[in-house]
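To keep things clear, I will list the structure first and then write my remarks on it.
The values are calculated or read from the model by the stated rules, or taken from the named source; none is laboratory data. Predicted, not measured: the structure shown is a model, and the values here were computed from it. Cβ placement follows ideal geometry from the backbone for every residue including glycine, while neighbour counts extend to all protein chains displayed. Only protein heavy atoms, including side chains, enter the accessible area calculation; ligands, DNA and RNA are left aside. Shrake-Rupley method; radii C 1.70, N 1.55, O 1.52, S 1.80 Å.
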Amino acid sequence: MPITKLPFTPMIFQPNAGRDINSFTKIEKEILKLKKDRDAIILSHNYQIEPIQHVADFVGDSLGLSYKAAETDAEVILFCGVHFMAETAKIVNPGKRVILPDLEAGCSLSDSCSADKLKAYKEKNPHLYVVAYINCSAEVKAQSDVICTSGNAINIVNKIPKDREILFVPDQNLGQWVANKTGRSMRLWPGSCYIHVLFTLRTLESIKERFPDAPIVAHPECTTMVRDMADEVCSTEKMVSFCREQAADTIIVVTEMGMLHRLQREVPEKTFVAGPTDRCACNECRYMKMNSIEKLRDSLLSLEPQIEMDEKTRKAAYKPIKRMLDWS
Ligand code: 13P
Ligand code: SF4
């Protein structure tokens, strides 16, 4: 008997059905030419739409993107992701012009922790060691002791002196996962990713019933029940190696659906099934999807909109990022 019937057809990425890596549309060719003329590097997060990933010089998770942004020699960094990611690129490489195709591309996690609230909390609890998930504003980073991403959070927390009490901001789900993995008890800021919390035990059980032999890989921003059901919990970058190494030929991927484009390109021989929610066969971040291929082309033409921040904030935000890069 089915546990619950999915109200829609599962979204399946079939093997070897991705685009030829050498084929480009007219606008994509225009972007590739502009990129050379402008001496720009295009960095894309794994959640961007397929055409953006297709023209990017590098596609990766928050950690990989931070490293690429720090080490590039290009004059212009065209960052295809959300605001806090482009801000991080500016913090680590202030001499470069950093462009984000849509400045409104925010993040529910970042919004859940304002600099003012964090400041007030720290004033009442000055002994806390603040670990900030990279999904936060430059002003929040500036008040933190160390930054982490989903790819290095366990390592980072393991490096914090045992006698320090930790406040983890802003994602309570990632924080809970890290606390379990490291055995460190931490105070958790009550923020969450509005899309990752839409995956539920019920929706995963129903997709698992359709694909009983498919392992589940989930992002740590998912809730405990979903993480407990997954065969692997990891950052978007680690999902690529996990899927490559699996004996199974079909894998259920529980994160934002842009990830499936990356997986289809990197592991073309496998079938990927998008983790469903109660509302849809897949799950898209509206902020990540604000960047379109047309906006990308226009931002290369005008070299706008740029990420700007005052130098005092930038310097203060750089310290905990540098600590993260050194510790990783
Ligand atoms: P990753 O660092 O794993 O790519 O995650 C970023 C993010 O925003 C997840 O929602
Ligand atoms: Fe933020 Fe969630 Fe979108 Fe990631 S998927 S950028 S955490 S809102």
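Of note:
- Scanning the stretch 110-158 for residues that are within 20 Å of Ser185 (Cα to Cα), free of Cβ contacts under 8 Å to residues at least 12 places away in the same chain and assigned to a helix (DSSP H, G or I) yields a total of 1.
- Only residues that are away from ligand 2 (no atom under 16 Å from the Cβ) and either open to solvent by 30 Å² or more (accessible area, probe 1.4 Å) or among the hydroxyl-bearing types (Ser, Thr, Tyr) (or both) were counted in the stretch 232-241, giving 2.
- Selection count, the stretch 72-103, where residues are touching a Leu at 6+ places or on another chain (Cβ under 6 Å), closer than 19 Å to Lys141 by Cβ and assigned to a loop (DSSP other than H, G, I, E, B): 0
- Matching option when the condition is more than 16 Å from ligand 1 (Cβ to nearest atom) and either among the aromatic types (Phe, Trp, Tyr) or open to solvent by less than 10 Å² (accessible area, probe 1.4 Å) (or both), among Leu174, Leu167, Leu188, Leu201: Leu167
- Criterion (away from ligand 2 (no atom under 16 Å from the Cβ) and either in contact with a Ser or Thr (Cβ under 8 Å, 6 or more places away or on another chain) or closer than 30 Å to Asp20 by Cα (or both)) met by exactly one of Ser302, Ser328: Ser302
- Ser299 meets each of the listed conditions (1) of a type in the set (S, T, N, Q); (2) open to solvent by less than 20 Å² (accessible area, probe 1.4 Å); (3) more than 29 Å from Val98 (Cβ to Cβ) apart from (3).
- So Ala274, is it more than 13 Å from ligand 1 (Cβ to nearest atom), at pLDDT below 95 and open to solvent by less than 50 Å² (accessible area, probe 1.4 Å): no
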